[in-house]
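Q: Here it is: the structure, laid out below.
The values are calculated or read from the model by the stated rules, or taken from the named source; none is laboratory data. Being a predicted model, the structure only gives us computed values, none of them experimental. Positions of Cβ are backbone-derived with ideal geometry, glycine not excepted, and every protein chain shown enters the neighbour counts.
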Amino acid sequence: MTSQSNVKLGVEVFLEKHLDLVKSKRLGLITNPTGTDSNLTSTITLFSNTPGIHLAALYGPEHGVRGETQAGEYVSYDRDEKLDIPMFSLYGQSRQSHPDMLKNIDEHMRSFDTVDEGKLIELAMVENIDVLVFDIQDVGTRIYTYLATMAYAMQACAENEIEFIVLDRPNPINGIDMEGPILEYPEYSSFVGLYPIPIRHGMTVGELAQLFNSNFLSLKAKLTVIPMMGWERQMWFDETSLPWIMPSPNMPSLDAATVYPGQVFFEGTNISEGRGTTKPFELFGAPWIDGTKLARALNALNPPGVCFREAWFTPGISKYEGQVCEGAQIHVTDRTRFKPFKTSMHIIQSIMDMNTEQFLFHSEYFDKIMGTAKVREALEEHHDVSEIMNKFCADLDIFRNLRNPHLLY
């Protein structure tokens, strides 16, 4: 049984102690369904019902303010009829959805997720606010578009002399462990990986905002981070007493977030990452894989803290929609020992070795989300996974020193 600690979120600390920051100011809010207090009251409702807060506009990241759109799907401008305020899209407001988008979701992700188009904040979107607040739950992995949305919003606020406030939330997969290569900047900078940080960064969104502001933004935002109370770096989300709300449609559980720092790379291959099933990122496979043979080979590697079970599944959307896929499910048995990135590199290498004719990298997208071409090239050259991992150690030490001044807990 996991012991729990009562964590007070940044939004709760803000409402109790920091309303002076927004007194007599028009407030814009970047949020989505994860923006709630510990009692599941949305930040939108809290702000609209709190005297002294003038909520003037809402801003939605990928998936929208309400979280209703799929990965890579363009989010259009809307209006909140109850509050009679605009809802601006920070993910594709200047683009129209392709009618076949959901039938080709992977292609659309690869073509749209990596570019700036439709994701930069325009002056007309912020000219009627004085302060912009960010309150969204992150998943602890660089490859998640909310971080780029936050950075772009900070830059826009700096350019327009608008204050920026981050209401901090936990890193759900703990704030200590780091893994994977540092993004090679600026060559591989994109909306799914903007700045040179590792894949698993071990930071909260508030800490990342301070890091971005100090080291990467061309203009410094007038930034205030409201820290949580009671959160400690070693905590996983289920140790916080907080309810899990899906950060995005394919992040249904902490189990999915735990494996995501490695399993996300199947998006850059022709292997289904389980999108369109009830276990996205935990299930993986393809119609041409022998799941029993694959699971046996992966378990023979004896990776720490994890085991594999052969599995069959039929995706409802995305790759191999409507086709029976054979593969495996990843079962984490000891998350303190489990290394998601290293484990998934073993999986990819094993599938490559067993299916040399069928396996395919979508090289440009794989390299974008990886932040470098070196990992793919090493896998294609059949380098040992441990050898690949060792090349990141020195860079992770450098990043650890870079992040230390910005840690709040």
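Q: Out of curiosity, is Ile351 hydrophobic (A, V, I, L, M, F, W, C), farther than 24 Å from Gly175 by Cα, assigned by TED's automatic domain parsing to the domain that holds Val259 and surrounded by 14 or more Cβ atoms within 10 Å (Cβ to Cβ)?
A: Criteria met by Ile351.
For (1) in contact with an Asp or Glu (Cβ under 9 Å, 6 or more places away or on another chain); (2) of a type in the set (A, V, I, L, M), each residue gets a yes or a no:
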position	(1), (2)
Thr333	no, no
Phe338	no, no
His346	no, no
Ile351	no, yes
Asn355	yes, no
His362	yes, no
Thr372	yes, no
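Q: Could you list, in sequence order, all residues of the range 307-339 that are under 21 Å from the mean Cα position of the chain (by Cα) and of a type in the set (Phe, Trp, Tyr)?
A: Hit for the range 307-339 is Phe338, nothing else.
Q: Quick one: in the range 241-272, which of the residues that are β-branched (Val, Ile, Thr) and over 13 Å from the mean Cα position of the chain (by Cα) is surrounded by the fewest Cβ atoms within 10 Å (Cβ to Cβ)?
A: The selected residue is Ile245.
Q: Within the range 263-312, which residues are hydroxyl-bearing (Ser, Thr, Tyr) and in contact with a Leu (Cβ under 8 Å, 6 or more places away or on another chain)?
A: Within the range 263-312, Thr269, Ser272, Thr277 qualify.
Q: If I filter the range 371-378 for residues that are of a type in the set (Ser, Thr, Tyr), under 21 Å from Tyr188 (Cβ atoms) and in contact with a Pro (Cβ under 7 Å, 6 or more places away or on another chain), do I get at least one hit?
A: The answer is yes, given that some residue of the range 371-378 is of a type in the set (Ser, Thr, Tyr), under 21 Å from Tyr188 (Cβ atoms) and in contact with a Pro (Cβ under 7 Å, 6 or more places away or on another chain).
Q: With (1) farther than 17 Å from Ile271 by Cα; (2) among the β-branched types (Val, Ile, Thr); (3) surrounded by 15 or more Cβ atoms within 10 Å (Cβ to Cβ); (4) in the same structural domain as Arg275 (by TED's automatic domain parsing) as the list, and Val385 as the residue in question, which single condition is left unmet?
A: (4)
Q: Got a number for residues in the range 300-335 being within 17 Å of Pro280 (Cβ to Cβ) and among the basic types (Lys, Arg)?
A: The total comes to 2.
Q: Another question about this same structure. Given Met370, Met345, Met352, which one is touching a residue at least 24 places away in the same chain (Cβ under 8 Å), closer than 28 Å to Pro196 by Cβ and over 24 Å from the mean Cα position of the chain (by Cα)?
A: Answer to the selection: Met352.
Q: Hey, any hits in the range 207-223 for a residue that's within 26 Å of Gly10 (Cβ to Cβ), within 15 Å of the chain's Cα centre (by Cα) and among the basic types (Lys, Arg)?
A: No.
Here's the yes/no breakdown for (1) part of a strand (DSSP E or B); (2) at pLDDT 90 or above; (3) of a type in the set (D, E, K, R); (4) over 22 Å from the mean Cα position of the chain (by Cα):
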residue: Gly52; (1), (2), (3), (4): no, yes, no, yes
residue: Tyr59; (1), (2), (3), (4): yes, yes, no, no
residue: Glu62; (1), (2), (3), (4): no, no, yes, no
residue: Arg66; (1), (2), (3), (4): no, no, yes, no
residue: Gly72; (1), (2), (3), (4): no, no, no, no
residue: Met87; (1), (2), (3), (4): yes, yes, no, no
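Q: For Arg309, all conditions in the list (1) touching a residue at least 40 places away in the same chain (Cβ under 8 Å); (2) outside any helix (DSSP H, G or I); (3) surrounded by fewer than 21 Cβ atoms within 10 Å (Cβ to Cβ) hold save one; what is the number of the exception?
A: For Arg309, the failing item is (1).
Q: Also, quick follow-up: Can you tell me which residue in the range 273-294 is farthest from Phe359 (Cα to Cα), limited to those that are in a loop (DSSP other than H, G, I, E, B) and either among the small types (Gly, Ala, Ser) or within 18 Å of the chain's Cα centre (by Cα) (or both)?
A: If we take residues in the range 273-294 being in a loop (DSSP other than H, G, I, E, B) and either among the small types (Gly, Ala, Ser) or within 18 Å of the chain's Cα centre (by Cα) (or both), then Lys279 is farthest from Phe359 (Cα to Cα).
Q: With respect to Leu58, is the statement that it is surrounded by fewer than 16 Cβ atoms within 10 Å (Cβ to Cβ) and in contact with a Gly (Cβ under 8 Å, 6 or more places away or on another chain) true?
A: no
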